[in-house]
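Asker: Handing you a structure now.
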Amino acid sequence: QMQLVQSGGGLVQAGGSLRLSCTASGRAFSTYAMGWFRLATGREREFVAAISWSGDTTYYADSVKGRFTVSRDNAKNTLFLQMDRAKSEDTGIYYCAAGPGIMSPPDEYAIWGQGTQVTVSS
């Protein structure tokens, strides 16, 4: 089964930028839509962004629209999340996941990365 390994994350000042990566093993990566989700203390898991298998279509939560960019490189089996103009409310554990479509609910995403901490200091 395909596995997802995340990298990136860390500490960034408010207004700064950070890039998260998610690399898949195996050859099935390009057949999946991919999503980013985050979990903050005291809050439920939140959808952040998603991208279609081809990379042609993207979808963002209103809270990150215009600041975050999701992209993928199918030749390298890698998904990215570019976080710009970071805010303190972006703090949380970020997860990448593979699913059937960009509008699919989290429960339909079958494969998840290990998570990476992002902390935005104000």
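Asker: Any idea how many residues of the range 61-76 are over 19 Å from G15 (Cα atoms), of a type outside the set (D, E, K, R) and within 14 Å of the chain's Cα centre (by Cα)? Step through it out loud before you land on a result.
Answerer: Step one: of the range 61-76, the residues over 19 Å from G15 (Cα atoms) are 71-76.
From what is left, the residues that are of a type outside the set (D, E, K, R) are 71, 74-75.
With the extra rule that they be within 14 Å of the chain's Cα centre (by Cα), the set shrinks to 71.
Going through the range 61-76 one residue at a time, the tally reaches 1.
Asker: Can you tell me which residue within the range 62-97, out of those that are touching a residue at least 12 places away in the same chain (Cβ under 8 Å) and among the basic types (K, R), is nearest to W112 (Cα to Cα)?
Answerer: R72
Asker: While we're here: Mind counting the residues in the range 76-101 that are in a loop (DSSP other than H, G, I, E, B) and either farther than 17 Å from Q3 by Cβ or open to solvent by 40 Å² or more (accessible area, probe 1.4 Å) (or both)? Lay out the reasoning, then the answer.
Answerer: Initial filter on the range 76-101 (in a loop (DSSP other than H, G, I, E, B)): 77, 84-87, 91, 100-101.
Okay, now just the ones that are also either farther than 17 Å from Q3 by Cβ or open to solvent by 40 Å² or more (accessible area, probe 1.4 Å) (or both), so 84-87, 91, 100-101.
Total satisfying the criteria: 7.
Asker: How about the range 27-75: which of its residues are in a loop (DSSP other than H, G, I, E, B), crowded, with 22+ Cβ neighbours inside 10 Å and of a type outside the set (F, W, Y)? Full working, then the answer.
Answerer: Step one: filter the range 27-75 for residues in a loop (DSSP other than H, G, I, E, B), giving 27-28, 32, 40-45, 52-57, 61-67.
Going one step further and asking which of them are crowded, with 22+ Cβ neighbours inside 10 Å, we end up with 32, 64.
Listed by number, the list holds a single entry, V64.
Asker: Working only within the range 36-64, note down all residues that are at pLDDT 95 or above and on the phi > 0 side of the Ramachandran plot.
Answerer: Result: G55, single match.
The values are calculated or read from the model by the stated rules, or taken from the named source; none is laboratory data. The model shown is predicted, which means the values in this text are computed figures rather than measured ones. We place every Cβ from the backbone using ideal geometry, glycine too, and count neighbours over all the protein chains shown. Remember, those area values only see protein heavy atoms, side chains included, never the ligands or the DNA or RNA. Shrake-Rupley method; radii C 1.70, N 1.55, O 1.52, S 1.80 Å.
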